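**Student:** Sharing a structure below in structure tokens format, with a few things to ask.
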Amino acid sequence: MTSRTVSAAAAGTWMLGDLAVNRIGFGAMRLTGSAAFHQGTPSNRGQAIEVLRRAVELGVNHIDTAAFYFSRLRSANELINSALAPYADTLVIAAKVGPTRDTDGEWSTPARPEQLRGQVEENLRQLGREQLDLVYLRVMGQDCVSEHFGALAELRDAGLVRHLGISGARPEHLAQAQEIAPVVCVQNRYGIDAPDGDEMLRACAAQGIAFAPFFSIAGEGRETGAVRAEHDQVSTVARAHGVSPAQVRLAWTLEQGAHVLAIPGTGNPEHLVDNVAAGALRLTDDDLQLLDSLGRPAT
């Protein structure tokens, strides 16, 4: 595959409820610094705004964010608002609630059900919107999510939220949530070298629910990014196609099912183009067999 500019539409589309999105989206966490959860160095504001606008130009119409994505000088929601408002009707913005951070960035006790409205309203205020297209309940260690998810369902009924999802969840959490209100997407850690999410991947496929993995590129680097040496298998496939390892990781992710959405994040304009282009990369059966060997037992 050449380095030509590719539209996010090349990856195909999926419906989040009644909202059509291209399967390559954008995760906003990394716009706030090199490691948003650990007070990383703030990114260049102008470049972050450039990246967001360029993403939309490239056909990205699904952006993942949260009010707790902030660092010392940057807020992901504020950057999105500054770059993209007034928003296109086709742009879907998803936010997460549940975790809490104080103004110094320190994590504190997760929100109680009655506090979720305040978190939704904070996302609305920061983004300059009257309704959030999709809100995830980020599961924070609880065995049962019914009370929290029920609180979000009430906000959906009140018109503050259009659709609901869950994040960091187990299959039993999905079942609990589905008893209360429809779940349109599950967002969990998953990737070539993080196969623990296979069960949830299959559960979502069986129910026609979108599955949006995070850390698909970063792998074990998680919030700090792809800092570890790349696996030989990924590098081999990347060389064979003349693409970057990140593109291989994203293409593999999309190959896991038509319901799988990618939400790679970056503050680098060149990396953005590279990530979006992964939607046009078609891996061979041999490629997939080699990549599937990472962290997965032979069958």
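Every number here is computed from the coordinates shown, using simple stated rules; none is lab data. Small disclaimer: the values here were computed from a predicted structure and weren't measured. Here the Cβ is made from the backbone with ideal geometry for all residues, glycine too, and neighbour counts use every protein chain on show.
**Student:** Can you sort 211, 26 by how many other beta carbons sit within 10 Å, fewest first?
**Tutor:** 211, 26
**Student:** Evaluate the charge dipole of the range 58-209 about its Cα centre and quote only its size in Debye, nearest 20, assuming +1 on the Cβ of each Lys and Arg and -1 on the Cβ of each Asp and Glu.
**Tutor:** Charge dipole of the range 58-209: 300 debye, to the nearest 20.
**Student:** Relative contact order, percent, of the chain when contacts are C-alpha pairs under 8 Å separated by at least 6 residues?
**Tutor:** Result for the chain is 21 percent.
**Student:** Looking at 273, 155, 206, which one has the Cα that reaches farthest to the positive end of the dipole of the chain (charges on Cβ: Lys, Arg +1; Asp, Glu -1)?
**Tutor:** It is 273, whose Cα lies furthest towards the positive end.
**Student:** Let me spell out the model: positive unit charges on the Cβ of Lys and Arg, negative unit charges on the Cβ of Asp and Glu, origin at the Cα centre of the range 165-210. What dipole size does that give, in debye rounded to 20?
**Tutor:** Magnitude of the dipole: close to 120 debye.
**Student:** Evaluate the relative contact order of the range 85-228 (contact order divided by residue number), counting alpha-carbon pairs under 8 angstrom at least 6 apart; express in whole percent.
**Tutor:** 17 percent
**Student:** Listing 282, 138 from the residue with the fewest other Cβ atoms within 10 Å to the one with the most, what is the order?
**Tutor:** Final ranking by Cβ density, sparse to dense: 282, 138.
**Student:** Something else: What does the extension gain come out to for residue 175 and residue 140, with contour length at 0.36 nm per residue minus their alpha carbon separation?
**Tutor:** Difference between extended and current length: 10.9 nm.
**Student:** Which entry in (i) 52, 45, 35; (ii) 59, 44, 38; (iii) 56, 42, 39 is this structure's computed Cα extents along the principal axes in Å?
**Tutor:** Here Cα extents along the principal axes in Å agrees with entry (i).
**Student:** By count of other Cβ within 10 Å, fewest leading, how are 253, 284, 266 ordered?
**Tutor:** By the 10 Å Cβ count, ascending, the order reads 284, 266, 253.
**Student:** Might you report the magnitude of the Cβ-based charge dipole of the chain about its Cα centre, with Lys and Arg at +1 and Asp and Glu at -1, to the nearest 20 debye?
**Tutor:** Here the chain has a charge dipole of around 620 debye.
**Student:** Have a look at 144, 127, 169 and report the one farthest towards the positive end of the charge dipole of the range 103-183, computed about the Cα centre with Cβ charges (Lys/Arg +1, Asp/Glu -1).
**Tutor:** Of 144, 127, 169, it is 127.
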